[in-house]
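**Q** Handing you this structure, nothing more for now.
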Amino acid sequence: DAGREAGKPYYYVVSAENAGGESLDSLPVPASATAPPPVPTGLLVTPASREVHLDWTAVRGAAYYVVRRAAAPAGDFTTIARTEEPGYTDRAVANGTPYQYVVASANAHGESADSFPVETIPLDPPPAPQRVTATPGPSKIDLAWTPSPFADRYRVMRSPSPGGPYAFVA
């Protein structure tokens, strides 16, 4: 009985026929069509050096997720992983190369459509800051350095000795 709406209840009875006539109907049997789980949403990609971490919102009813990657937005997406968790780290990437990702959810009833594609570019870490200076002042130390190309932010660490251990300050 093809073309039934997924999740909607249907009831079926069956009778038998021969030259002598038709039997009584069987007892009613309930059934509903099944469907694959919904499309994953909230796909977030976080690039790093030689890897991209993907996270998405868990889909109720999904047994696993299929992660696909392409080199261009309209390109052919290739399956790179199957995972039971709503997250995956792709370590088969090259820095400086753009990648597109989509995710589908799946269960015994099939696979959803792909999520909307998300693009990212893994990058090398920036070079270390140069010409770091420390200027003492009353109850403080002012730090300065030459900006590092491609840096988004800086981490300042402090230790009582040059060999560390260093603790995060800002």
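**Q** Each residue of region 65-70 in turn: what ³J(HN,Hα) in whole Hz from Karplus with 6.51, -1.76, 1.60 and θ = phi - 60°, glycine and Pro shown as x?
**A** 3J(HN,Hα) across region 65-70, in whole Hz: 10, 10, 9, 10, 9, 9.
**Q** Normalised by the empirical 2.2 N^0.38 Å for globular proteins, what value does the Cα Rg of the chain take?
**A** Rounded to two decimals, the normalised Rg is 1.86.
**Q** Enter the accessible area per residue of region 5-136 (Å², integer; probe 1.4 Å; all protein chains in place).
**A** Per-residue accessible area for region 5-136 comes out at 64 Å².
**Q** Just to confirm a number: summing +1 for Lys and Arg and -1 for Asp and Glu over residues other than PRO136 whose beta-carbon lies under 15 angstrom from that of PRO136, what do you get?
**A** Summing Lys and Arg as +1 and Asp and Glu as -1 gives +1.
**Q** Let me ask something else. If the elastic network links every pair of Cα atoms under 10 Å, which of GLU22, GLU84, GLU119 fluctuates the most in the Gaussian network model of the chain?
**A** GLU22
**Q** Only four residue types carry charge here, +1 at the Cβ of Lys and Arg and -1 at the Cβ of Asp and Glu. Report the dipole size of region 1-131 about the Cα centre in Debye, rounded to the nearest 20.
**A** Once rounded to the nearest 20, the dipole reads 640 debye.
**Q** Share of the chain's accessible area from carbon and sulfur, percent, 1.4 Å?
**A** Looking at the chain in its full context, I get 57 percent from C and S.
**Q** Over region 1-97, what number does the Rg to Rh ratio reach, with both radii from the alpha-carbon atoms and Rh per Kirkwood?
**A** Rg/Rh: 1.32.
**Q** Okay, next question. Using the Cα centre of the chain as origin and beta-carbon charges of +1 (Lys, Arg) and -1 (Asp, Glu), tell me which of PRO136, LEU123, ALA113 is placed farthest towards the positive end of the dipole.
**A** So the residue furthest toward the plus end is PRO136.
**Q** For region 18-28, what does the Karplus curve 6.51 cos²θ - 1.76 cosθ + 1.60, with θ = phi - 60°, yield as ³J(HN,Hα) per residue in whole Hz, taken in order and with x for Gly and Pro?
**A** 7, 4, x, x, 10, 6, 5, 5, 5, 5, x
**Q** Please list 3J(HN,Hα) in residue order for region 86-93, calculated via the Karplus relation 6.51 cos²θ - 1.76 cosθ + 1.60 where θ = phi - 60°; whole Hz, with x for glycine and proline.
**A** For region 86-93, the Karplus curve yields x, x, 7, 10, 8, 9, 10, 10 Hz.
**Q** Loop-only check: which trypsin sites (Lys or Arg not before Pro) in region 135-170 are DSSP coil with at most 15 other Cβ within 10 angstrom?
**A** Loop-located and lightly packed - ARG153, ARG155.
The values are calculated or read from the model by the stated rules, or taken from the named source; none is laboratory data. It should be emphasised that the depicted structure is a prediction, and the values quoted were computed from it without experimental measurement. All Cβ positions, glycine included, derive from the backbone under ideal geometry; neighbour counts span all protein chains shown. In case anyone asks, the SASA skips ligands and DNA or RNA and just uses the protein heavy atoms, side chains included. Shrake-Rupley method; radii C 1.70, N 1.55, O 1.52, S 1.80 Å.
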